[in-house]
């Protein structure tokens, strides 16, 4: 699952990154039950960088990756996240994310090499 995240209006890119990495992620680590975290095979935050002198903001401020062992794992995560247990995370997301701009794409990971065709 790939999640494209834009920061909440009024936050700088640096404030957004700091909150996501040092406030939200540790909160998630504390509140996600062991049976739910066990189905998450990989979690990664890919924060946007400003390269060069362009003052333009990136289209999204972070791409977050979740990898699950299988669709059953994704369903376990989704059920928890959308349910009462996940409310604390959903509420906290409003502190740093522009929820209305968030894009979630469920993917099938297929390792590839540069010489492989799609």
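Please treat every number below as a calculation from the coordinates, not as lab data. Model, not experiment: these values are computed from the prediction. Cβ placement follows ideal geometry from the backbone for every residue including glycine, while neighbour counts extend to all protein chains displayed.
Results for (1) in contact with a strand residue (DSSP E or B) (Cβ under 7 Å, 6 or more places away or on another chain); (2) touching a residue at least 12 places away in the same chain (Cβ under 8 Å), shown as yes or no for each residue.
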site: 52; (1), (2): no, no
site: 55; (1), (2): no, no
site: 62; (1), (2): yes, yes
site: 79; (1), (2): no, no
site: 83; (1), (2): no, no
site: 89; (1), (2): no, yes
site: 100; (1), (2): no, no
- [ ] Report the residue count in the stretch 23-58 for those that are within 14 Å of residue 89 (Cα to Cα) and exposed (fewer than 11 other Cβ atoms within 10 Å of the Cβ).
- [x] 4
- [ ] Determine, yes or no, whether residue 115 is farther than 13 Å from residue 3 by Cβ, free of Cβ contacts under 8 Å to residues at least 12 places away in the same chain and in a helix (DSSP H, G or I).
- [x] no
Open item on the list: When you check residue 21 against the structure, is it touching a residue at least 24 places away in the same chain (Cβ under 8 Å), touching a strand residue (DSSP E or B) at 6+ places or on another chain (Cβ under 9 Å) and farther than 19 Å from residue 98 by Cβ, yes or no?
Closed with: no
Open item on the list: Checking residue 6 against (1) surrounded by 15 or more Cβ atoms within 10 Å (Cβ to Cβ); (2) touching a helix residue (DSSP H, G or I) at 6+ places or on another chain (Cβ under 9 Å); (3) free of Cβ contacts under 8 Å to residues at least 60 places away in the same chain, only one condition comes out false. Which one?
Closed with: (3)
Task: Considering residues of the stretch 59-98 that are more than 21 Å from residue 29 (Cα to Cα) and touching a helix residue (DSSP H, G or I) at 6+ places or on another chain (Cβ under 9 Å) only, the residue surrounded by the most Cβ atoms within 10 Å (Cβ to Cβ) - done: 61
Open item on the list: Test of understanding: among 9, 26, which residue is within 24 Å of residue 80 (Cβ to Cβ) and not in a strand (DSSP E or B)?
Closed with: 26
